[in-house]
1. Let me confirm something: among A:THR246, A:THR267, which residue is at pLDDT 95 or above, assigned by TED's automatic domain parsing to the domain that holds A:ALA198 and over 29 Å from the mean Cα position of the chain (by Cα)?
2. When you scan region A:463-546 for helices (runs of 4 or more DSSP H) that lie fully inside it, which ones turn up with 1 or more residues that are out of contact with any Asp or Glu (no Cβ under 9 Å at 6 or more places or on another chain) and closer than 24 Å to A:GLU377 by Cα?
3. When the residues of region B:64-118 are filtered to those that are acidic (Asp, Glu) and in a helix (DSSP H, G or I), which remaining residue is surrounded by the most Cβ atoms within 10 Å (Cβ to Cβ)?
4. Kindly indicate whether A:ARG51 is under 24 Å from A:ASN260 (Cβ atoms), in a helix (DSSP H, G or I) and either open to solvent by 30 Å² or more (accessible area, probe 1.4 Å) or within 13 Å of another protein chain (Cβ to nearest Cβ) (or both).
5. Right, B:GLU111: closer than 23 Å to A:ALA280 by Cα and either of a type in the set (S, T, N, Q) or at pLDDT below 95 (or both) or not?
6. With the checklist (1) open to solvent by 40 Å² or more (accessible area, probe 1.4 Å); (2) within 12 Å of chain B (Cβ to nearest Cβ); (3) of a type outside the set (A, V, I, L, M); (4) in contact with a helix residue (DSSP H, G or I) (Cβ under 9 Å, 6 or more places away or on another chain) in hand, flag the one item A:ASP32 doesn't pass.
7. Identify, from the list A:GLU56, A:GLU91, the residue that is more than 29 Å from A:TYR195 (Cα to Cα), at pLDDT 95 or above, away from chain B (no Cβ under 14 Å) and out of contact with any His (no Cβ under 6 Å at 6 or more places or on another chain).
Amino acid sequence: MNKQERSRHYQDRVRKSLQKPHLQDTLHRFADAYVAAREAAFAGHDFEALRVAIGEMKDQVRDNLSRYQAEFVANAEAAGATVFLAQNASEANAYICNLAKERGVKKVVKSKSMASEETHLNRALNEADIETLETDLGEWILQLSGERPSHMVMPAIHMLKEEVAELFSEVTGKEEPAEIPHLVRLARKQLRQAYLDADMGITGANVAIAETGGIALVTNEGNARLTTTLPKIHVALVGLEKLVPTIEDANRIINVLPKNATGQLITSYITWIRGAVPCADESKELHIVLLDNGRTALAESPHCRDALRCIKCGACANVCPVYQTVGGHVFGHVYISAIGVILTAFFHGLDNAAELVRACIGCRSCVAICPSNIDLESIILHLREVIGEEEGVGAGKSLVFKQVMRNRKLFHGMLRAASLLQKPLTRGERTIRHLPLFFSGLTDWRTLPAIADKPLRDLWVNIPQKIDKPRYRVAFFAGCLNDFVYPEMGLDLVKVLNHLNVEVTFPMEQSCCGVPALYSGDRGTAVAMAEQNLDALLQDNPDYVITSCPTCTMALQRDFTDLLKDNPVWAEKAQRLAAITLDVSRFIVDKLDGKALFADASGGEKVTYHDSCHLKRGAGVWEQPRQLLSDSGHELTEMAHSDRCCGFGGSYSFTSHPDIAREILGDKIQDINASGASCVAMDCPGCLMQIRGGLEKQEIAVRAKHTIELLAETLS
Amino acid sequence: MPNQLVAQFTLAAENVGAEVHAIADQQELTAYLGKRIDGPLLLAPCPSLERLDLPQVMEQAGLNVVIDNFREQGAVAVAGLTGANFGIAATGTVVLESTAEAVRIATTLPEKHFVLLDPQKILETADQAVPLLHKFHQQLPQAYLAYISGPSRTADIERVLTIGVHGPSELHILLMEGLSDDPMER
C-alpha cells in the first residue's frame, strides 16, 4: 500500500469510528469509572515512587538483558521447562505449530496473550489445521467476530451485548438473549469441555522471573488456571521485556498492574508457575517461547527504549482523549494507544505505525498515568521525526517550515499580509465564523480568531512602563498566537506585571518556538528556531523569561535543551534559558508572592478553570493559576475532567485530525457548560482559540479568558 | 493484633465477592457445606486438613466426598474443599501452594470453592508474602502457587462485572482456629 492509499484507509477508519456514538459513550463512561476506581486502589500508596522503582528495575533488566535471559533460561530448564528463543514472530509461530504437530495435538486452548496477537499465532495454528479456541471471554468473542482486540486488558470493550448475543446465537444455533449474566454463563458452558479435551494450553505471561525461571499470570476469569492445569502441554509465549530479576520485582509489578489497569486492588488470580508441574500422574510438558521480535532492537534505541518498561496495563488508552473518541481499532495496530504507537513501530514496522504516530494529540495524559514512568509523548514525537525523515513531513508543511518559518522576517511578513488578506472573511470582526470552500470544515464547529491588525511587537514601543526600581526585568516570549492573534493579552501581561513592579521587555528577534515544526517531524527547522530564539531571549540577560503559552514554555524549558544537547556552542545557552523560563502564573505566585498583591482585587465572577495539557503535565503547573483566580476575588468552581485536553493540539485540529479535535472539544464544552460558571479561565492561547471558538459557535454565554486577562480586568 | 488483621482480611475478601465465616469445628463445617452443595465434593490433599479426619466426618453427615480421580470427577463435582497456606489482609487473598494437580482441579473446575484458613496465618501485605514465595521456590523444584482473591470474574461484556465465568462462582473462606500455624503447610 502506498502512502496516499494508507492515509486514505486510515482517514476512512477514523470517519467510520466517529459514526459509532455508542463506542464513544462506552469509552467515556469507562474512563470516568476507571479514574475513580484507580484513585481508590492507590489510596495510601505513593504512585510516583512505585513507578520510578518499576522504571529503574526494568531499565536494569534492559541494560543487562542477556545476563537475565541466561539466568531465566538456566533456571527454567533446571525445573524441567524447554526454552526457545524466537527472533521473530514467524519463528515463534513455527516452533509452536511444529511442536503441536509432533505431539499430535488436535485441539489448543488459549488464555489471553497479547504476544500471540502480536505474532498472529491463531492464524498460524489455523493454517496448520490445529483447532484453536480462545478462552478469555473477550478474546473468544473477538475470535467469533473475526476482530482484533481494541484494548489490551478489555479486548472487546468496543462491542455491545446485543452484538455478543448475535455471535453466541450462531454458536448455539438458537437465539440467545442479550443479557450479560446469561451470555457469561453460556461462555462457561461452551468452553468448559474444551479445557478437558485440549492437548495443549497456550498462555502469555505477565512476568518471567530470572531468579526462579518461573512465570506469573495475572488474570480474573480463571481460564489461565484451567489452561495451565488440564492440557498435558503448556506453551507460554513471553515477550523478552517481561523478564524481571527477582520475586520481589515481580511482586512490585503485580502490586501495581491491576490497580493501574482496571482500578482493582488485585485480580482474582495471580498464578506463579515454575517448571514442569505434575499433570495427570506425569510431569507436564512446559515450553517457554521467549519472543524477541524487535525487542532487542528497541533496547538499542536511545530515544525509544524506555518503551520496554511497559507492563501492558493499558492505562495509556484509558485516559487518552483520542482513544476515547475513535477506539483501539483506529488508534492502534495490534497494540493500541500511546504504547501501541511505539510498539507497532518496532514490532510491526514503521509503515503500520506512520498514521498512528500522527494521531497522538500530545496531551501527555498517558505520561501522567504510566506505571513504568515512560515519557510516551516524547517517544512518539521522536518517531514522528523519524517518519518525517523517511516519508517527508508533507510538501506544504515542508515549504512553510523550511522556507518560511526559518526566516523570521518572511514568516512575520506573511502573517502581516494574512491579516490584510483575511479582511473579506472577518467582516470587520475579531473572529472568522465561516471559511469558504474546502476550508469550511474548520469553522463548522468553532469560530477562528482573526489575525490582529497590529501584532504585539508593533504595539510594544507605545506601551508605557513607568517603573522606577523594578524588582525584576523580564523578557516576554509571546509565541505566535500571543504576538499575532491575541496582542491584547500581551498588553494585559504588561499591565499586571507592571502592577507587581516588574519591567517587561520584548526581544524583537524572537520568533516561533519551533514546536509546530518539531511536532510535525521537522527537527532541522526546530533546531534553527531554537537557536534564533536563544540568541534573542538571552541577549539582554533578563532575570526571567516569561511565557503565556505552555507549549512555548515546554519548548523553552525542555525541547531546546534536548534539541541542542549535543552541540557544545548551544547546549549551555539552552540550559541557561530553561532555568529562567517560567509561565506567567507560576512567576507571579512563586517568584512575586502574588497572593498578597491581589488582596484588594474584586473579581467576583464564577470561574471554572481548564488545565492546559502542557501546563499541567508539561510544566507541572495547576495550583498557581487557581490560586491567582481565587485570590483576585473570583469564585472558583471545578468542572469535570478539568485536565482533559480541549482538542486543540496545534495543527492537529487544523490539518491532521480536525474530526477528532472537534469531538474532543465537544466533550470540553459540555463540561464547561455543566460547571455553571460564567467564565472559563485557562493559561494557553491555543486552548483559548479552541474553547472560545467552540463556545461562540454553539452560542454559549460563557466567557473564555486567559488567566492574565482576568487578572488585568481586576486591576481596572 | 490478629483480630484487626482478621477484620481487615474479611472486609477486603468480602469486597471482592468472597464469603468469610468463622467455623468452630468439623461438625459446623459439614453443616455449612451441607446447606450449600448437592453433589460430589472434591476434598483436595491438604496437610492442614488431614488432622480433622474429614472424609469420615463428612460421609457420616451424608456428603458425597471425592478424594481421588479428580480429572474425571472434576467435571461433575459441584465443589472443592481445600486448606490454605496463608492469607493476605490488604487484598483479602488466600494463597494456596497448588503444585499437586488435585489442588488445582479442586479449585478451578467446580462451581464452588471452600477454603479453610487458620486466622493465625493472615499476613498484612503482599510484600510480607515474598519471603514465603522464596521459601516455596527453595523447597519445590516445580511450583504452582495460586493467589486467589474472590470468585472468578469478568467485565469483558460492556464492562459489567459478572461473577463466575470460568473458575468458581463462589469462594467461601472459612476461618478455623487451631488448624495450622505453618504458612508452608496448605
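The values are calculated or read from the model by the stated rules, or taken from the named source; none is laboratory data. These numbers come from a predicted model, not from an experiment. Neighbour counts are summed over all protein chains in view; Cβ atoms, including those assigned to glycine, are modelled from backbone coordinates with ideal geometry. Note: accessible area is taken over every heavy atom of the protein model, side chains too, but ligands, DNA and RNA are not part of it. Shrake-Rupley method; radii C 1.70, N 1.55, O 1.52, S 1.80 Å.
1. Values: A:THR267 fails: over 29 Å from the mean Cα position of the chain (by Cα).
From the options A:THR246, A:THR267, the qualifying one is A:THR246.
2. Values: elements: A:487-499, A:515-519, A:523-538.
Because the criterion is at least 1 residues that are out of contact with any Asp or Glu (no Cβ under 9 Å at 6 or more places or on another chain) and closer than 24 Å to A:GLU377 by Cα, the helices (runs of 4 or more DSSP H) in region A:463-546 that meet it are A:515-519, A:523-538.
3. Quick first cut of region B:64-118, residues acidic (Asp, Glu) only: B:68, B:72, B:97, B:101, B:111, B:118.
Narrowing further to those that are in a helix (DSSP H, G or I): B:72, B:101.
Working: B:GLU72: 11, B:GLU101: 22.
Checked region B:64-118; the qualifying residue surrounded by the most Cβ atoms within 10 Å (Cβ to Cβ) is B:GLU101.
4. Values: under 24 Å from A:ASN260 (Cβ atoms): yes; in a helix (DSSP H, G or I): yes; either open to solvent by 30 Å² or more (accessible area, probe 1.4 Å) or within 13 Å of another protein chain (Cβ to nearest Cβ) (or both): no.
The answer is no for A:ARG51.
5. Numbers: closer than 23 Å to A:ALA280 by Cα: yes; either of a type in the set (S, T, N, Q) or at pLDDT below 95 (or both): no.
No; evaluated as a whole, the condition is false for this residue.
6. (4)
7. On the way: A:GLU91 fails: more than 29 Å from A:TYR195 (Cα to Cα).
After ruling out the rest, the residue left standing is A:GLU56.
For (1) surrounded by 14 or more Cβ atoms within 10 Å (Cβ to Cβ); (2) in the same structural domain as A:ARG662 (by TED's automatic domain parsing); (3) within 26 Å of A:GLN698 (Cβ to Cβ), each residue gets a yes or a no:
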{"position": "A:ALA418", "(1), (2), (3)": "no, no, no"}
{"position": "A:LEU421", "(1), (2), (3)": "no, no, no"}
{"position": "A:THR426", "(1), (2), (3)": "yes, no, yes"}
{"position": "A:ILE451", "(1), (2), (3)": "yes, no, yes"}
{"position": "A:GLU488", "(1), (2), (3)": "yes, yes, yes"}
{"position": "A:GLU503", "(1), (2), (3)": "yes, yes, no"}
